[in-house]
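Read the structure below first, then the notes.
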């Protein structure tokens, strides 16, 4: 049976599933219930200076799919609204009662060295396993010079990280904001400041939807609203890309990554780990479905690892990174063509409409003159292998993309004679 235990920047955990810093980890009661359910660790909801932050009501909104499935989740909640003393006391007790579980303490303070120097020994005294610097919160706190206001300025990231490393022996994890042009810049700064790891992504600036009668966005606070932090399954593609960017950047390669963003099942977790994450953090899925989801996550990941022959997490961590590259290095001579399995086809015509109206007109609609029955066939000469038909088909596996033997060798864009700057690009790569 696969071993799910991990070691992340020197911290041992019974499994890679941690709860992210958020409402599910805001008090001892929640954290204990999470540990009882089987979570390997938690990142305690972000602590700050006293007096504690004050939250508004209401705080959450959502972007829905069909049947009110929550695709994206938005919040305008701030960091802990409980005193620093109470949080530290609870962390101390929970760690004492659960020594085999990981507790990371998330912190957010103004950019004053004395404040960071003062809080570090207090956190160490709790017995916590590590510290996460919240440089990602996109609402409420940036207006006060904290959260994303720090995370968007690499110089600040490096400066505060260095302050913390100089005042603690605990591993320091820097939580990065996605609300930035290039996430590699703050990741490099965190490493330069001595960070032991980075975690990402934090939430994305968002407005989910409006009440068109009141003409105000949700969540509504006394007839007004504001942008909040977007999370949930909808942000997973963005998070995966940013994790991969850091994992394959020569300047940050090897820097441990805690993956966050839309993780709701074992497959999501496996994808983050394959792209370089040493552990994963979960928030929205737990808020929507409860702590027990970790049981299915652990079971599913373990079964998949057994099937693939992976005995430990480390055996496939980062395994997809070498296969992730820049567009210009993709094989221009590689070609796939769509193929429709007529036995599985339900004749809905969605592939035809999509291809005919918005793509390359490479699917033919054949109508029987007698019965009126419809058949859809791919015009191989016109198909460019864009995948749109496969994506729109409601029957999984009905349309497949079949690789073609072109007889041509590998050639990327820097080598392609159709590239007017081919020679120049090739020289500078």
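The values are calculated or read from the model by the stated rules, or taken from the named source; none is laboratory data. As the structure is a computational prediction, the values presented were derived from the model and not from experiment. All Cβ positions, even for glycine, are placed from backbone atoms using ideal geometry, and neighbour counts span all protein chains on display.
Out of curiosity, is residue 235 at pLDDT 95 or above and under 10 Å from the mean Cα position of the chain (by Cα)? Against the criterion (at pLDDT 95 or above and under 10 Å from the mean Cα position of the chain (by Cα)), residue 235 qualifies. Report whether or not residue 99 is more than 28 Å from residue 227 (Cβ to Cβ), free of Cβ contacts under 8 Å to residues at least 40 places away in the same chain and not in a helix (DSSP H, G or I). It is true that residue 99 is more than 28 Å from residue 227 (Cβ to Cβ), free of Cβ contacts under 8 Å to residues at least 40 places away in the same chain and not in a helix (DSSP H, G or I).
Of all residues in the range 60-67, none are in contact with a helix residue (DSSP H, G or I) (Cβ under 6 Å, 6 or more places away or on another chain), assigned by TED's automatic domain parsing to the domain that holds residue 141 and crowded, with 17+ Cβ neighbours inside 10 Å. Reported count of residues in the range 252-270, each being surrounded by fewer than 24 Cβ atoms within 10 Å (Cβ to Cβ) and without any contact (Cβ under 8 Å) to a residue 40 or more places away in the chain, is 7. Residue 61 satisfies every condition listed in (1) modelled with pLDDT of 95 or more; (2) touching a strand residue (DSSP E or B) at 6+ places or on another chain (Cβ under 7 Å); (3) within 21 Å of residue 200 (Cβ to Cβ) except (3). No other residue among 87, 134 is over 26 Å from the mean Cα position of the chain (by Cα) and either buried (at least 22 other Cβ atoms within 10 Å of the Cβ) or outside the structural domain of residue 189 (by TED's automatic domain parsing) (or both) apart from 87.
Pull up the range 40-84, narrow it to residues that are free of Cβ contacts under 8 Å to residues at least 24 places away in the same chain and outside any loop (DSSP other than H, G, I, E, B), then point me to the one that is farthest from residue 234 (Cα to Cα). Restricting to residues being free of Cβ contacts under 8 Å to residues at least 24 places away in the same chain and outside any loop (DSSP other than H, G, I, E, B), the top hit is 67. For the range 13-39, filtering for residues that are closer than 22 Å to residue 201 by Cα and not in a helix (DSSP H, G or I) leaves 11.
Of all residues in the range 381-429, those satisfying the criterion of being assigned to a helix (DSSP H, G or I) and modelled with pLDDT under 95 are 422, 423, 424, 425, 426, 427, 428. Flag not set for residue 345, criterion: in contact with a strand residue (DSSP E or B) (Cβ under 8 Å, 6 or more places away or on another chain), outside any loop (DSSP other than H, G, I, E, B) and surrounded by 11 or more Cβ atoms within 10 Å (Cβ to Cβ).
As a summary of the residue check, residue 90 satisfies the conditions (1) out of contact with any strand residue (DSSP E or B) (no Cβ under 6 Å at 6 or more places or on another chain); (2) over 20 Å from residue 126 (Cα atoms); (3) touching a residue at least 12 places away in the same chain (Cβ under 8 Å) except for the one numbered (2).
Table: residues versus (1) in the same structural domain as residue 416 (by TED's automatic domain parsing); (2) in contact with a helix residue (DSSP H, G or I) (Cβ under 7 Å, 6 or more places away or on another chain); (3) assigned to a helix (DSSP H, G or I).
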site: 294; (1), (2), (3): no, yes, yes
site: 299; (1), (2), (3): no, no, yes
site: 302; (1), (2), (3): no, no, yes
site: 305; (1), (2), (3): no, no, yes
site: 310; (1), (2), (3): no, no, no
site: 314; (1), (2), (3): no, no, yes
site: 318; (1), (2), (3): no, yes, no
site: 334; (1), (2), (3): yes, no, no
site: 338; (1), (2), (3): yes, yes, no
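Would a scan of the range 1-18 turn up a residue that is modelled with pLDDT under 95 and either under 18 Å from the mean Cα position of the chain (by Cα) or surrounded by fewer than 15 Cβ atoms within 10 Å (Cβ to Cβ) (or both)? Yes, the conditions are met somewhere in the range 1-18. Checking the conditions here, which among 281, 214 is surrounded by fewer than 21 Cβ atoms within 10 Å (Cβ to Cβ) and assigned by TED's automatic domain parsing to the domain that holds residue 183? 214 is the lone residue from the list that is surrounded by fewer than 21 Cβ atoms within 10 Å (Cβ to Cβ) and assigned by TED's automatic domain parsing to the domain that holds residue 183. Listed here are the strands (runs of 3 or more DSSP E) enclosed by the range 132-251 that have at least 2 residues being touching a residue at least 24 places away in the same chain (Cβ under 8 Å), farther than 13 Å from residue 108 by Cα and out of contact with any helix residue (DSSP H, G or I) (no Cβ under 6 Å at 6 or more places or on another chain): 197-200, 204-206, 228-231.
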